[in-house]
1. Kindly indicate whether residue 39 is in contact with a Cys (Cβ under 7 Å, 6 or more places away or on another chain) and modelled with pLDDT of 90 or more.
2. Show the residue pairs meeting these rules: Cβ distance below 9 Å; 6+ apart or different chains; first residue within region 46-57 and loosely packed, with under 12 Cβ neighbours inside 10 Å; second residue of a type in the set (Gly, Ala, Ser).
3. Just the residues that are in contact with a Lys or Arg (Cβ under 8 Å, 6 or more places away or on another chain) and among the acidic types (Asp, Glu), please, taken from region 46-80.
4. Which condition from (1) open to solvent by less than 30 Å² (accessible area, probe 1.4 Å); (2) on the phi > 0 side of the Ramachandran plot is the one that residue 60 breaks?
5. In region 77-102, how many are within 23 Å of residue 18 (Cα to Cα) and assigned to a loop (DSSP other than H, G, I, E, B)?
Amino acid sequence: MKKGRKSEDVNPELIARSDDLMQKEIKKCKYYFRSKDPRKKNILQQRINIVKERNKGLTAFIDKDYSCKTCGSKDGRSHPDTSYCFCCDTDNWNPVHEDVER
């Protein structure tokens, strides 16, 4: 991304495909999946679809003590090698026992 360029100028599909841009994007919002912004919802849906293709044929590791703050996944499925969320491939975990507001 060029210096001085806002992330809103970047194509949502590009953000969804890029791990680095997605990490920058999720830092803007505590619970990304709760956003009412249609742009963010579009990015998240595209990201979930892309990651589903990436993870085809893999078996997820399950730790029900955590939920994902990016996509809202509550089943604790994580990538077997990276421990990132199996649904959105981000490292934005929230311990379930501390998640009182759900």
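1. Details: in contact with a Cys (Cβ under 7 Å, 6 or more places away or on another chain): no; modelled with pLDDT of 90 or more: yes.
In short, no.
2. Going by the 9 Å Cβ cut-off, the qualifying pairs are 49/16.
3. Correct list: 75 only.
4. Result: residue 60 passes all but (2).
5. Here is the first cut: in region 77-102, the ones within 23 Å of residue 18 (Cα to Cα) are 77-94.
Checking which are assigned to a loop (DSSP other than H, G, I, E, B) leaves us with 79-84, 86-92.
Going through region 77-102 one residue at a time, the tally reaches 13.
The values are calculated or read from the model by the stated rules, or taken from the named source; none is laboratory data. This one's a predicted model, so the numbers in the text were calculated from it and none came from an experiment. So basically every Cβ, Gly included, is an ideal-geometry build from the backbone, and we count neighbours across all protein chains shown. Keep in mind that these areas ignore ligands, DNA and RNA; they rest on the heavy atoms of the full protein, side chains included. Shrake-Rupley method; radii C 1.70, N 1.55, O 1.52, S 1.80 Å.
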